[in-house]
Amino acid sequence: MSRNGSILTNIDWVTILLFLALALFGWINIYGASYTYDSTGIFDFSTRAGKQFVWIVSAVAMGIIVLLIDHKTYDIMAYFLYAIMLGILIITPFFAHNVKGSYSWLSFGPVSLQPAEFAKCITALALAKYMGRYEYKVRSWRDLVMPFAIIGVPMLIIMLLQRETGSALVFAAFLLVFYRQGMTGWVLLAGVLAAIVFLLVIRFSIWPALVLLVIVFGLLIWRTWKIKRYYKWLLILGFVVSVGYAFACNFAFTKVLQPHQRTRIEVLLGMKDDPSGAGYNVTQAKIAIGSGQFLGKGWLQGTQSQLKYVPEQDTDFIFCTVGEEWGFVGTTGVLLLYLIFILRLIKIAERQRDTFSQIYCYSVACIFLIHLTINIGMVLGLLPVIGIPLPFFSYGGSSMWGFSLLLFILLRLDAARVEKLH
């Protein structure tokens, strides 16, 4: 009893309140997005809103269980859980049904779960386990080989076997963690260069990308000509790899991505104009958000939502319901709430006293940040539509449980920090 009492005393209640505020406001908006004039009450469990309420309550129950588990368990079991997770991810496509070209959902009777949502949490634990070793330091690129493998293996399984590009891209959030732990900025610069090369290959052709690579690496080799020969050969190798990457971009775009995914990217880049097809979601989302103006039309008064003009309006495009019914004031309030939430997670990460907890907490903060950025960006037409839920807002049990698991393990580790101080 005293141990449980210490957890209740030491838990970060500010974060709990932020979590509940986001989840409950998201639940209200899910009801607004799925509302029709003959709808039953918000607690009708046959509706999306009623089911979401069950997911929220069960997520809180799961969070309580997570808080009652000894914090050392998450460190000890990290690799074991990671191995099990990889096994589940590999077998998922063989049992999953085709959902819009993706094979990432497992059905258990009336309930469907997406293992990829839980893979982010377990990958964060495994990464924290490896980088939390006493002797581990990021001194050179060799020290990043295993961490990159830890995040790269599930990412490739999800992208190539399950064909779930959106969930796979979230794993890029871990790059921010590497940078915080001492990774050189050159790696982030290489990531930016890779993104530019990809856009050039897709938007124009491979030749502008090759010209850019020749200029960039030519300047680097010229600047380092009098430095150690080792660096020059490393740059030459980097150039060869980059050229291979440029050719691989074209292959990935034409052979790996699904037709609807390619079309969405082409519409975003201005290569196609398809307002009634691939660009329909974004067009209707913009209309919905714009129609809300400053104060919004009012809860349950969104015509775009009620008349079902916006596809996926209670899942990936839930933010447009916020814009239509609550207006500029509501959307600004939601974004400020997320900002406070993510800053709180960063503060929790900063105050951790052991590396395992710190890296895990930073991973959680980065995952939430990436989800928020991509989801809002695609709703506003700034990023391709790749199907990423808005944390605690979008309808779905997998996302609610996955985000809650991420958060409550973080809270348990933070509570253990306070316990150690006492």
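Looking only at residues in the range 125-166 that are open to solvent by less than 40 Å² (accessible area, probe 1.4 Å) and in a loop (DSSP other than H, G, I, E, B), the one that is nearest to residue 409 (Cα to Cα) is 132. Scanning the range 258-296 for residues that are under 24 Å from residue 159 (Cα atoms), surrounded by 18 or more Cβ atoms within 10 Å (Cβ to Cβ) and modelled with pLDDT of 70 or more yields 262, 263, 265, 266, 281, 282.
Please work out if residue 302 is modelled with pLDDT under 80, open to solvent by less than 50 Å² (accessible area, probe 1.4 Å), of a type outside the set (A, V, I, L, M) and over 23 Å from the mean Cα position of the chain (by Cα). Spelling it out, residue 302 is indeed modelled with pLDDT under 80, open to solvent by less than 50 Å² (accessible area, probe 1.4 Å), of a type outside the set (A, V, I, L, M) and over 23 Å from the mean Cα position of the chain (by Cα). Scan the range 366-422 for residues that are hydroxyl-bearing (Ser, Thr, Tyr), open to solvent by 30 Å² or more (accessible area, probe 1.4 Å) and assigned to a helix (DSSP H, G or I) and the total you get is 1.
For the range 322-358, taking the residues that are of a type in the set (Asp, Glu) and assigned to a helix (DSSP H, G or I), the one that is most open to solvent (accessible area, probe 1.4 Å) is identified as 350. Of the residues making up the range 1-29, those that are at pLDDT below 90 and open to solvent by less than 40 Å² (accessible area, probe 1.4 Å) are 5, 6, 7, 10.
None of 64, 90 is under 29 Å from residue 340 (Cα atoms) and open to solvent by 50 Å² or more (accessible area, probe 1.4 Å) except 64. Answer yes or no as to whether residue 92 is polar (S, T, N, Q), farther than 14 Å from residue 398 by Cα and out of contact with any Phe, Trp or Tyr (no Cβ under 8 Å at 6 or more places or on another chain). No; evaluated as a whole, the condition is false for this residue. Residues that are without any contact (Cβ under 8 Å) to a residue 60 or more places away in the chain, part of a helix (DSSP H, G or I) and either open to solvent by less than 70 Å² (accessible area, probe 1.4 Å) or within 15 Å of residue 404 (Cα to Cα) (or both): does the range 69-78 have at least one? The answer is yes; a qualifying residue exists. Which residues, taken from the range 159-179, are acidic (Asp, Glu) and closer than 17 Å to residue 125 by Cα? None; the set is empty.
Residues of the range 182-223 that are open to solvent by less than 80 Å² (accessible area, probe 1.4 Å) and among the aromatic types (Phe, Trp, Tyr): 198, 217.
The values are calculated or read from the model by the stated rules, or taken from the named source; none is laboratory data. A quick note: this is a predicted structure, and the numbers were derived from the prediction, not measured. Because the Cβ atoms are built from the backbone with ideal geometry, glycine has one as well, and the counts that use them run over all protein chains shown. With ligands, DNA and RNA removed, areas are computed over all heavy atoms of the protein, side chains included. Shrake-Rupley method; radii C 1.70, N 1.55, O 1.52, S 1.80 Å.
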